[in-house]
1. Would you tally the residues in the stretch 28-79 being under 18 Å from Arg179 (Cβ atoms), surrounded by 15 or more Cβ atoms within 10 Å (Cβ to Cβ) and in contact (Cβ under 8 Å) with a residue 12 or more places away in the chain?
2. Is it the case that some residue within the stretch 120-132 is of a type in the set (Phe, Trp, Tyr) and in contact with a helix residue (DSSP H, G or I) (Cβ under 8 Å, 6 or more places away or on another chain)?
3. Which is touching a Lys or Arg at 6+ places or on another chain (Cβ under 9 Å) and farther than 19 Å from Ile32 by Cα, of Ala212, Ala185?
4. Considering only residues that are part of a strand (DSSP E or B) and more than 16 Å from Tyr162 (Cα to Cα), which ones fall in the stretch 24-68?
5. Just to be sure I understand, how many residues within the stretch 73-92 are over 15 Å from the mean Cα position of the chain (by Cα) and not in a loop (DSSP other than H, G, I, E, B)?
Amino acid sequence: MTEADPFRVDLHVKVLDEGVVERAKARGLDAIAYAPHFTRLPDVRERARRFSDEDLLVVPGREVFTGSWRNRKHVLALGLEEPVPDFISLGDAMAEFDRQDAAVLVPHPEFLTVGLDAGDLAAYRDRIDAVEAYNPKHWRHHDRRARGLAREYDLPAYTSSYAHLRRTIGEAWVEFDRRVDSARALVDALRDGVERRVVHRTGLGHRLRCAAEFAHLGWENSWKKIDRLFLSGTEPTHPDHIVYDGRFEGVY
């Protein structure tokens, strides 16, 4: 990257391995934000460090599932220093993000039953740093609605590949005109509302990869997976897990 080049960031991916890094670089990305489901922050940070190098910055994040499984709403936080569990209330999650000065992003607003809605954006507008205006899992009307919400609440837009599949990496990204050389610098750019461009690929290949991501959503939310992950109460990011030392008892 030269000083004249934009800094390209895929702001939300779920997978990370050597193949992901290779594809991200081939797609011209300078950074990715890695935020897998149900993985504790120390593990996310360690894996992000392992795969970062001078050509690709990997920024650790947490997409927190707030509320109950049946009434969950997702919020993406970058720049956390301390773990925040899933299944706490939206208000308590926002309070934790504020305490830690994290960047707060709204993935897939009003998408199915798992996105923040207009009422949530109104309630937490002063603490939200950006709204996802394009997501490969969206249909076109979802993207139109997302862009409308960002305009209505005067919030910056962003995009991501939201890649659960390796081949989706680099299908959508944000371009900043200034270089971002650390996770904290990316958080600051998002929190400061630095001007950016929302970019995504087009064409048949892009549409097919988007369709594959949407199909993956059905598998991911199957009852079989719900049984395995959510009914035990012992998943690593459950607020009752011993690693949280009772900090979040009674806040969900």
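1. So the count comes out to 11.
2. Pass one, the stretch 120-132, residues of a type in the set (Phe, Trp, Tyr): 124.
Cutting the leftovers down to in contact with a helix residue (DSSP H, G or I) (Cβ under 8 Å, 6 or more places away or on another chain) gives us 124.
Yes, the stretch 120-132 has at least one match.
3. Unique residue meeting the criteria: Ala212.
4. Initially, the stretch 24-68 is screened for residues part of a strand (DSSP E or B), giving 31-34, 53, 56-66.
Of everything in the stretch 24-68, those that are part of a strand (DSSP E or B) and more than 16 Å from Tyr162 (Cα to Cα) turn out to be Asp53, Leu56, Leu57, Thr66.
5. The total comes to 3.
Values in this text are rule-based calculations from the coordinates and carry no lab data. Remember, predicted model here, so these are calculated numbers, not experimental data. Positions of Cβ are backbone-derived with ideal geometry, glycine not excepted, and every protein chain shown enters the neighbour counts.
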